[in-house]
Amino acid sequence: MEPKPLDATPVHDVAVVLGTRPEAVKLAPVVRAMRRSPRFRPTVVTTGQHREMLDRILPQLELEPDVRLDVMRERQSLHALSSRLHAALGEVLGSAAFDAAVVQGDTTTALCGAIAAFYQRIPVAHVEAGLRSGVQGDPFPEEVNRRMVAQVSTWHFAPTVPAGVNLLREGVPQDGIEVTGNTVVDNLLWVVDQGLGRSAFDTSRGGRRVLVTLHRRENQGAVMSGLAEAVLRLVRERDVQVVLPLHRSPAVREALLPVLSQDPRIRTTEPLDYLDFTATLADADLVLTDSGGVQEEAPSLDVPVLVLRRTTERMEVVRAGGAELVGTDPQVVLARALALLDDRDAHARMARAVSPFGDGRAAGRILDRLDRDLSAGAARPPAHLPVPVPGAALGTPAPAAAQGALVEAAR
Ligand code: UD1
Ligand code: UDP
């Protein structure tokens with residue numbers, strides 16, 4: 001890293017750490033904005049927690065890494081992954097005088113990146129902070145990962161007011177919370193500008209189009225096979241074509257393929273390039289998914305979503321009417337999918353729901369806040385750790401004054 005000139009306006013050296021497909025999607029707008037800005041000198045570190053799935057989409061997102069680690073091993077345990085990440089990230093973050101480190105979301109890369117930065121006394125900025133299901137093992141291990149990231153973060157960039165309120169309720173100091181919108185919308189708008197890719201649906205064929213993605217660890221095994229059975233029954237009961245881009249995880253393929261390969265109306269593919277995936281999503285009549293990012297992208301493209309999970313940390317989209325939390329019982333999933341495909345009015349109501357995930361200017365807000373604090377020398381590891389508000393479990397009202405101030409600040 002070049003030494004900083006002494007008399008110039010401050011340039012902030014920021015490490016941006018990412019390792020999986022959703023982190024790449026959601027940090028791409030932040031990195032692109034930093035690379036355009038004269039105030040930031042980002043170093044993009046990809047851990048390689050995902051290998052093929054990340055390599056496929058990095059060029060499309062204009063996200064060439066500066067440092068490429070290669071921690072992925074087939075079927076590795078969370079322990080093995082974490083220990084490789086800690087060792088490798090400790091070295092990278094210790095190799096230069098970073099002013100801040102940015103992590104996103106709740107993956108093992110995000111958690112280890114945040115801890116590695118903290119150990120190097122680098123202040124941590126957490127993008128997409130404050131999402132909470134309130135259930136320790138659902139999603140597993142992400143609900144606990146993101147809570148631990150909050151403990152070592154200086155800046156908490158919450159995508160929505162409810163996410164910011166979750167942080168307040170946990171006692172995160174209000175001046176560390178910034179409600180920005182979700183960077184996934186920034187990215188989607190950018191992609192729409194570039195021109196979407198090619199839909200994976202068979203456009204020569206009629207029938208309703210259903211896009212399915214499944215990968216969550218807590219769904220793997222019998223639950224995921226049961227969900228595949230629901231998809232199989234769907235194509236047998238209605239004139240429907242299904243596209244399901246398979247996650248690279250062997251556990252996902254073992255659960256899905258024996259069931260899904262029984263019917264040619266179900267097209268399983270390798271993970272799609274981002275541009276092709278968004279084109280396929282835009283082309284779908286309905287999405288069935290346990291993905292976080294897909295839950296957020298679909299309402300921006302006016303596609304109704306059935307969330308195949310027991311909980312969601314994205315209740316905003318359910319409340320807005322764009323998604324329904326249907327759980328993982330195959331009978332219920334099938335019934336709800338059939339109901340939506342058959343009832344055009346209900347379908348249109350869901351498709352019309354307004355996305356609660358922001359206006360596509362989240363990255364700009366993140367950069368503004370970082371620039372302000374880093375220029376003022378205000379970024380230190382937080383002197384005060386979060387102090388939980390007594391009795392403030394999820395679902396109880398947040399302190400009214402604080403909630404009001406946050407809503408005001410988010411305007
Ligand atoms: C991870 C995140 C999850 C996120 C998901 C996005 C954790 C604990 N989980 O889950 O929050 O929703 O990414 O997709 O961080 N594999 C490959 N090639 C790839 C990617 C994965 O072969 O490009 C295989 C490997 O065998 C790997 C396994 O998939 O061991 C699981 O990958 P891992 O990153 O541990 O977890 P995900 O289930 O992908
Ligand atoms: N995605 C993609 N190709 C695919 C499936 C998904 O590019 O074949 C993108 C999708 O647009 C979204 C992100 O991957 O932005 C979601 O990743 P994933 O579902 O793996 O993780 P999650 O969001 O659940 O953490």
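Numbers at a glance
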read-out	value
Rounded to 5, the percent of DSSP beta bridges in the range 1-144 classed as antiparallel	0
Cβ-defined net charge surrounding Pro330, 10 Å radius [Lys, Arg +1; Asp, Glu -1]	-1
Between the range 157-201 and the range 35-104, the alpha-carbon center distance in angstrom	20
Cα shape, the range 194-240, gyration tensor, a/c 1.5 rule	oblate
Residues in the range 177-196 that a label on Arg369 would reach, taking backbone N under 13 Å of a point 7 Å out along Cα→Cβ	177-183
Least to most buried among Phe277, Phe98 (fewest other Cβ within 10 Å first)	Phe98, Phe277
Amide H partners (placed H, <5 Å) of His12, local residues excluded	Phe40, Arg41
Hull volume in cubic angstrom per residue (convex hull over the Cα atoms of the chain)	134
Estimated FRET transfer efficiency when R0 is 30 angstrom, pair Ser83-Glu52 (beta carbons, to 0.05)	0.85
Vicinal HN-Hα couplings computed from phi for the range 262-272 (Karplus, 6.51 cos²θ - 1.76 cosθ + 1.60; Hz; Gly/Pro x)	7, 9, x, 6, 9, 9, 8, 10, 5, x, 7
Percent of C-alpha pairs per 5 Å bin, the range 1-155, short to long	2, 10, 19, 22, 21, 15, 6, 3, 1, 0, 0
Under 19 Å from the Ser249 label point (7 Å along Cα→beta-carbon), backbone N, the range 19-38	19-26
For the chain, share of DSSP beta bridges that run antiparallel, in % to the nearest 5	0
Rounded if a/c under 1.5, otherwise prolate or oblate - the range 73-155, Cα gyration tensor axes	oblate
Overall form of the range 299-357 per C-alpha gyration tensor (a/c, 1.5; a/b vs b/c)	oblate
Charge dipole (debye, nearest 20) of the range 177-332; +1 at Cβ of Lys and Arg, -1 at Cβ of Asp and Glu	540
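Since every read-out is calculated from the coordinates, none of them should be taken as a lab result. The shown structure was predicted, so the numbers you read here are calculated from the model rather than taken from an experiment. Note that we place each Cβ from the backbone using ideal geometry, even for glycine, and neighbour counts take in every protein chain shown.
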